[in-house]
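Colleague: Dropping a structure here in structure tokens format, bear with me for questions.
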Amino acid sequence: MKKLLLLLNLLILFGIVQAQTLLSPSEYLGYNIGDRFTPHYKINEYCHYLFQQKQQSCVLYKYGSTSEHRDLILLYVSAADNIGNLEKIRRNNLRLAGVLKDDTAASKTAPAIVWLSFNVHGNEPASSEAAMMLLYHLLKGDNAKMNNWLQHTIVVIDPCLNPDGRDRYVNWYNSVSNRNGNISHQTREHQEPWPGGRSNHYNFDLNRDWAWQTQKESISRLKIYNEWLPQIHVDYHEQGYNSPYYFAPAAEPFHEAITPWQRSFQTVIGKNHTKYFDASNWLYFTKETFDLFYPSYGDTYPTFNGSVGMTYEQAGIGAGLKTTTESGDTLTLWDRIYHHYTTAVSTIEIAAMNYAEIVAQYQQYFSDNISGKNAIYKTYLLTTNSSEKLLPVMELLKKNGIVYGTATKTTPLKGHRYFTDKDEDVQLGKYTLAVSAQQSKGTLIRVLFEEQSILKDSNTYDITAWSLPFMFGVDCYAIKTGAINIQPYKMDKITEVKPSYGYLIPYNSFTSARMLAALLNHHIKVRTASKPFNCNGISYPEGTLIVLKSGNKEEDLVKLLNTLAAELNVQPVEVSSGFVEKGSDFGSSDVRYIKEPKVALFTGENVSATAAGEIWNLFEEQLNYPIDLLNVNDFNRLDLKQYTAIIMPDGSYKSINDKTSTERLKDFVKFGGKLILLENAVSLFNNSDWGIKLREDKSDDKAEITVKKYAERDKDALPYSIPGAIFKLQTDKTHPIWFGYDANYYSLKQNSNVYDLLKDGWNVATLNNDSYISGFCGTKIKNRLKDGLLIGNIESGDGQVIFMADDPVFRMFWENGKLLLFNAVFMVGQ
């Protein structure tokens, strides 16, 4: 009996010891970390296990889910006292930032918040493996240095920002790789198929979506991010497998809104990394390639929100489990994991060593914002006669934690007007959004509203223009001086309609387009006025939607209209007769019936995955309108007669770049189809009998030969570069593609494509000599982008060809182009 009791006591004691022993990732997963890629669900399972074992020093929080229903999680790791007061620390941090205003004074004796974001690009998977390794060592509790660091830091770890993309890559790789990986670059495991794992479900690059928040993952992540506003943020990436490791300080250009301290502390962090990399004889580089300019990256967005934001890049894209580099070395997944783990540990270390200075500088940053110390303009007034055009602006401001209101001008006031680029007397429209730059988000406001980006070095990694007024197509005045009384913005009250002869629905924004799509989805018969008209003493522009009782079930129609009106904030107007005082009556041939389009989108090899993804996302998430994704490689087997509209996004289309295929597309148009060509897809029909002709470059580069220096070869290419610049288009406002638009349209150009004017067709939008507005555009490109065609419409047989040289829905944040694409599909040719 004594032996039995002794045995039980030993078993109990052994169980306690076992329970207190934390399993490493390798022990938990059943394979050595670095031997294979871990599926996302197992990463999350391990994180849940760590939380269950170490709740005194760790909190796990689910902050959202992806389009493919994978959980998005964060883990907060710190000393037990900090974890016990996590909410108090968060609230204190917001007091330091001036976001939370209550009766409690902010304490500067607070830990620094270090936020580490892993695996935003799915096919850069080493960082999520490193995240598990980092979590284990931070929580294991046997490292005195780490324990001390956690006294002075809250470490927030997002183990995978892009689960859908990661699993697309990992599941593919695990299905095609050799058992232990193959170093040969020719093997299948190193040749990732379309669309690749870089992007999310909708083929979006989530690292370009921080400010715009068009994607589900971004919306969820930035909501919780702005509830914390950390002092340090690191975005983990991989680059080509021949590159050494990259870490801060970043490359020029630094945006001028970045403070000297933010710049200098990047160097402090980078030098701490070199201590570990030099000791291990690892190669690295700094101050090259990865700049801090475009505001929607995982390094710049945190920077413009008070953080020291950084990108870390490990060699690894296309490397699989292992590969040989150009220097003859073997790069393994373990190497990639350990390098990322090292910079993560180094970042936490240097933050803990300097936590008091970091917190003090953080508070000063927001104090300067609130006082308007660095604000060029004190207030921005976005003004329009259409309340619907302000809805997406307000949505974006809310997502970014920017406070706004409205204003009524009571005294003479001058401001810089965006649409004329002149200082003028302020003339407010019926609806105005007022945004003061003197608030916690002042720096972000300054960056998002800037009309002209100042570039010290134009070798940038991304676009160089994004100004909100041009993006949304809403006129704006920037005010330097003058007291403006900003009041809460109140939405117009939507009143319910009653049974009547018919209803008029304003068509003046993408919100109106969403309402039209919803009505068509419910098979409601909708008409549109092709010319302006007057009804009941009110003027209505072309494009106005007309829904009549005739042909629709009255009870269902009224109920649906009221539901959609309340949901979208669009006010229908009752009419008691089909007779109008001026213009065409509702039975006229000028009032056209809108047929429900059957829409297809080309996808697949040689089609830009991101360009196709934008359109897919637009139809599925914002319009909720059906769209068929067709694999362009199956072109010869497709029944095109099923569709009334086919959209061809940017791409080379090698699989259909032959006479037989192009003739099939021409027949599709001839017999009533609508073909919409975007960006480089237009070149498929260059010099065709449709009359589309890419303008030749007539500049004479042979006139003068200069001696070039090899070391300046990157700068020599700048005259031919256009990373993203804004141009004002001259438009034919009578064309249906411009239904719902005001006088101005601004396009974001990323290529030099411009076409000759059509002899037989509609020149819908052109450039003139003064079209350039802002952003970097090389001299050779700028000289080319004059007096040419950007948007054209050709009637062929019973169908339509519409082509656009630029991407109207770029990254889904170019809001003013969404209606343009919608009109091409739904309005043209009706």
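The values are calculated or read from the model by the stated rules, or taken from the named source; none is laboratory data. Remember, it's a predicted structure, so these values are computed and weren't measured experimentally. Here Cβ is always computed from backbone atoms with ideal geometry, including for glycine, and neighbour counts include all displayed protein chains. Please note that ligands, DNA and RNA were not included when accessible areas were found on the heavy atoms of the full protein model with its side chains. Shrake-Rupley method; radii C 1.70, N 1.55, O 1.52, S 1.80 Å.
Colleague: Mind checking whether some residue in the stretch 270-284 is open to solvent by 20 Å² or more (accessible area, probe 1.4 Å), under 24 Å from the mean Cα position of the chain (by Cα) and of a type in the set (S, T, N, Q)?
Modeller: no
Colleague: Here's a follow-up. Considering (1) in contact with a Ser or Thr (Cβ under 9 Å, 6 or more places away or on another chain); (2) open to solvent by less than 10 Å² (accessible area, probe 1.4 Å); (3) of a type outside the set (V, I, T); (4) farther than 24 Å from S296 by Cα, say which one L134 fails and leave the rest.
Modeller: Of (1) in contact with a Ser or Thr (Cβ under 9 Å, 6 or more places away or on another chain); (2) open to solvent by less than 10 Å² (accessible area, probe 1.4 Å); (3) of a type outside the set (V, I, T); (4) farther than 24 Å from S296 by Cα, only one is false for L134: (1).
Colleague: Within the stretch 572-588, count every residue that is in a loop (DSSP other than H, G, I, E, B) and either surrounded by 17 or more Cβ atoms within 10 Å (Cβ to Cβ) or among the aromatic types (F, W, Y) (or both).
Modeller: Adding up the residues that qualify gives 5.
Colleague: Condition (residue is within 19 Å of V828 (Cα to Cα) and either in contact (Cβ under 8 Å) with a residue 12 or more places away in the chain or open to solvent by less than 10 Å² (accessible area, probe 1.4 Å) (or both)) applied to the stretch 495-505: is it met by at least one residue?
Modeller: Yes: the stretch 495-505 contains one or more residues that are within 19 Å of V828 (Cα to Cα) and either in contact (Cβ under 8 Å) with a residue 12 or more places away in the chain or open to solvent by less than 10 Å² (accessible area, probe 1.4 Å) (or both).
Colleague: Of all residues being under 16 Å from D425 (Cβ atoms) and open to solvent by less than 10 Å² (accessible area, probe 1.4 Å) in the stretch 470-484, which is nearest to the chain's Cα centre (by Cα)? Just the residue, please.
Modeller: Across the stretch 470-484, the extreme among qualifying residues is C476.
Colleague: Okay, next question. Which members of the stretch 320-366 meet the condition of being part of a helix (DSSP H, G or I), farther than 28 Å from T109 by Cβ and among the polar types (S, T, N, Q)?
Modeller: T342 - this is the single residue of the stretch 320-366 that is part of a helix (DSSP H, G or I), farther than 28 Å from T109 by Cβ and among the polar types (S, T, N, Q).
Colleague: Is the stretch 206-213 home to any residue that is of a type in the set (F, W, Y) and touching a Phe, Trp or Tyr at 6+ places or on another chain (Cβ under 7 Å)?
Modeller: Yes.
Colleague: Say whether the condition of being open to solvent by less than 10 Å² (accessible area, probe 1.4 Å), over 30 Å from E256 (Cα atoms) and not β-branched (V, I, T) is met by at least one residue in the stretch 445-455.
Modeller: The answer is no; no qualifying residue exists.
Colleague: Further question on the same structure: Scan the stretch 323-344 and give yes if some residue there is within 28 Å of L96 (Cβ to Cβ), surrounded by 21 or more Cβ atoms within 10 Å (Cβ to Cβ), touching a residue at least 24 places away in the same chain (Cβ under 8 Å) and out of contact with any Lys or Arg (no Cβ under 9 Å at 6 or more places or on another chain), otherwise no.
Modeller: Yes.
Colleague: Return the residues of the stretch 60-89 that are crowded, with 18+ Cβ neighbours inside 10 Å and among the basic types (K, R); say none if nothing qualifies.
Modeller: R70 - this is the single residue of the stretch 60-89 that is crowded, with 18+ Cβ neighbours inside 10 Å and among the basic types (K, R).
Colleague: Can you tell me which residue is farthest from K422 (Cα to Cα) among those in the stretch 436-458 that are part of a loop (DSSP other than H, G, I, E, B) and out of contact with any strand residue (DSSP E or B) (no Cβ under 8 Å at 6 or more places or on another chain)?
Modeller: Top of the filtered list is S440.
Colleague: Assuming G306 fulfils every condition listed in (1) within 22 Å of the chain's Cα centre (by Cα); (2) assigned to a strand (DSSP E or B); (3) not hydrophobic (A, V, I, L, M, F, W, C) apart from one, which condition is it?
Modeller: (2)
Colleague: Ok, one more. Looking at the stretch 499-560, what strands (runs of 3 or more DSSP E) fall wholly within it and have at least 3 residues that are closer than 23 Å to N624 by Cα?
Modeller: In the stretch 499-560, 502-505, 545-548 are the strands (runs of 3 or more DSSP E) which contain 3 or more residues that are closer than 23 Å to N624 by Cα.
Colleague: Report whether or not I647 is more than 20 Å from the chain's Cα centre (by Cα) and open to solvent by less than 10 Å² (accessible area, probe 1.4 Å).
Modeller: yes
Colleague: Go through the residues of the stretch 792-809 one by one and say whether even a single one is closer than 19 Å to G651 by Cβ and either among the basic types (K, R) or in contact with a Cys (Cβ under 7 Å, 6 or more places away or on another chain) (or both).
Modeller: no
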